[in-house]
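Below is one structure; the comments refer to it alone.
The values are calculated or read from the model by the stated rules, or taken from the named source; none is laboratory data. What you see is a predicted model; the values in this text were computed from it and never measured. Glycine also receives a Cβ, built like all others from the backbone with ideal geometry; neighbour counts cover every protein chain displayed.
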């Protein structure tokens, strides 16, 4: 999976490749790390790299960014699909007309945060998708009204599956 990660407003290229049940190859810019990662409890992760153990706490802010606490340090992380960023730039500011929120990766729909007819703001959380043992709150691509919810809680979806229609 390729992503753009803005960490404390500094942009990095990020690639995550699962190698084993809990083992991942993580490439940040040109640096490669082999990481063992287990979610110990909601939003608390145990990471092992080079035989050193790290405890990482995460939570999603109201703006949809992920705040990460690593010992005394805190980082604000925003993840984006590079293809979506290019498409957004090509289309100009704002999304016009009806759109569908699509799954960027396969996963399990854990929670639906809105109902049909709700008015939503751009980037407002619409649902929580669990992928690679991480909860991902997916935000609205635009401000508008929820036209139709196309999935149910507990449903497994494939990458590219339409999840919610917004008009």
Residues that are assigned to a strand (DSSP E or B), modelled with pLDDT of 90 or more and out of contact with any strand residue (DSSP E or B) (no Cβ under 8 Å at 6 or more places or on another chain), drawn from the range 1-40: 31
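Does at least one position in the range 46-60 carry a residue that is outside any strand (DSSP E or B) and within 18 Å of the chain's Cα centre (by Cα)?
Here is the first cut: in the range 46-60, the ones outside any strand (DSSP E or B) are 50-51.
Next, only the ones that are within 18 Å of the chain's Cα centre (by Cα) stay: none.
Within the range 46-60 (the criterion being outside any strand (DSSP E or B) and within 18 Å of the chain's Cα centre (by Cα)), the answer is no, since none of the residues qualifies.
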If we keep just the residues of the range 92-129 that are at pLDDT 90 or above and under 10 Å from the mean Cα position of the chain (by Cα), which is surrounded by the most Cβ atoms within 10 Å (Cβ to Cβ)? 129
Which number in (1) under 23 Å from residue 37 (Cβ atoms); (2) assigned to a strand (DSSP E or B) marks the one condition that residue 148 misses? (1)
Taking the range 130-156, which residues are more than 15 Å from the chain's Cα centre (by Cα) and buried (at least 17 other Cβ atoms within 10 Å of the Cβ)? 142, 144, 146, 149, 151
Please list, ordered by first then second residue, the pairs with beta carbon atoms under 7 Å, 6 or more apart or interchain, first in the range 1-25 and farther than 17 Å from residue 46 by Cα and in the same structural domain as residue 36 (by TED's automatic domain parsing), second modelled with pLDDT of 90 or more and part of a loop (DSSP other than H, G, I, E, B). 12/29; 13/29
